[in-house]
Each structure stands twice: as structure tokens, then as C-alpha cells.
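> Got a structure for you, written out below as C-alpha cells; questions coming shortly.
The values are calculated or read from the model by the stated rules, or taken from the named source; none is laboratory data. If you're wondering where the values come from, they're calculated on a predicted model, not measured in any experiment. Every residue, glycine among them, receives a Cβ derived from its backbone with ideal geometry; neighbour counts consider all protein chains shown. Note: accessible area is taken over every heavy atom of the protein model, side chains too, but ligands, DNA and RNA are not part of it. Shrake-Rupley method; radii C 1.70, N 1.55, O 1.52, S 1.80 Å.
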Amino acid sequence: MKKKKLENIVEVLKKSAIKNENGLYWLSPSLNNTPYLGISHGNAMIINFLSKMVRLKIKPKLSKLMINKGISLLLSEKRSEEKGLFPHYFDELEHNISAEPTQFSMCYGDLGIAFAILKASKSLYSTNLKKEAISILSYCNKRKKEDNLTDGANVIYGASGVACMYEEIYNLTKKPIYRKKAIYWANHIKNSLTLNGNELYNPDDFKAPYNDVNYYLSFGWGISGIGTTLIKFSDLKKYPSFTDLLMIF
């Protein structure tokens, strides 16, 4: 993508940002203009994108400003629920909405927020942001498959995505705890699969909301992503990262 197009995207993010006393946030058009916080649709996603713009020297001053204000908004929503430090979305009229356990996946929840702040700390060379990310991850590390807050084996909502995120966090930090957690969640991919003739599948993953075989076979929701993750974790030294295919580029 040409530099000018990326600069235009950064400018559009500036214009669409909403400011309040705690920082900046953006509405998610794909989710009825809800102010989401996570890495799939919300603030964390935009922070992650802007961190890459800083690394690419695309409007770095403006990008850094929005990163800091976006993270400030995220942290203002942090709460004491250990199985959901951050709500999926917030409402300025009802602060800290839905103070209850939240989904633990690549798509939603604390892990994506921690990842975005960690990536921002690298781009901004910020020790304080790194400490904040590590603190959030310390709670993430306590999450287990038995919590029933991770949906099946798939990449977007399931154990495959969590394993991939932890492996990338390990690559960023080189802290063994994150490799350990990556392998833990990768092992739960196998535990979620059932033999049915010659097919490996997780029944829960294949209760799609639409009758579309492509959904069942897809990378994000289906067997392609599950299989790719299993291959990767069969030999982490042999097989390359496929982070560019994920929402944590």
C-alpha cells in the first residue's frame, strides 16, 4: 500500500476519533457503531494499527498522540474482574458496563488489549506501557480452558487463536511463561477435536449461524485455521509464523 494511502487512513482515524475526559475512542461501524475496546473491532485494533504506522514512519507524531490517548481510554475502563479486566465495550452513561467475566479469545477480551499495549510499548519505547501490558497478561495467564470462556478450537474465538497470540507475545518478549501458555492452549486445540471417520472436527465450531460450507472450512472459523495452527505447534522451530494472516499483524 502506498504511503499516501496510509497517511490518509491515519487522518481519517483522527477525524473519526471521539474525545472524552479519559482519552480517545472510535465507534465500530460493523457493530452498530458500538464503542468496542478489543482488538477485532475496537480501540485495541486501532492502537495496534497506529503502532505499525509509527514503525513505518507514517505520520508518527499524530499516530503516537492517538496511541497514547487511545490507551488512556482503555485503561480508564479497567476493573477488578479477574476473568475480564476490560468490558467488551463501554458506555459513557454507564461507566464500566458489564462487570462480569468476558470471552477469552483472539477476537475479544483482555488478551487482545494486552497485546495492543505491548506492541505500542515497542513502537513508543515506553517502559510504562510495557509494564501495563505485562500486568494485564499476568491475569490472562490465570485463564483456563475450564473457565468455558474460550469457544472451541478455532482461530477467531477459540484455542487456536489464543495459542497463536501467546506465541507472538513470546516472540516479542522472549519470556518463557508465554511460550508455556502458547503450548497449553495449543494442547487444548487437540482436546477440543473429535474423530469422526476421517475428519477431525469440533462440533461446537461447526454450528454456524448460516448454512455455508465455506464457514466450516475457513481459516478464521473453521478447520483450515485449526489445522494450520496444529501444524505450526507440531514443531515451532521448523514452521514459520503466520502472524500476517491474523488480526495481530
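> If you scan the stretch 103-144, which residues turn out to be of a type in the set (S, T, N, Q), open to solvent by 10 Å² or more (accessible area, probe 1.4 Å) and under 15 Å from the mean Cα position of the chain (by Cα)?
103, 141
> Could you tell me whether residue 180 is under 27 Å from residue 215 (Cβ atoms), loosely packed, with under 14 Cβ neighbours inside 10 Å and over 18 Å from the mean Cα position of the chain (by Cα)?
no
> Continuing with this model, one more query. Taking the stretch 224-246 only, how many residues are open to solvent by 50 Å² or more (accessible area, probe 1.4 Å) and touching a residue at least 12 places away in the same chain (Cβ under 8 Å)?
So the count comes out to 2.
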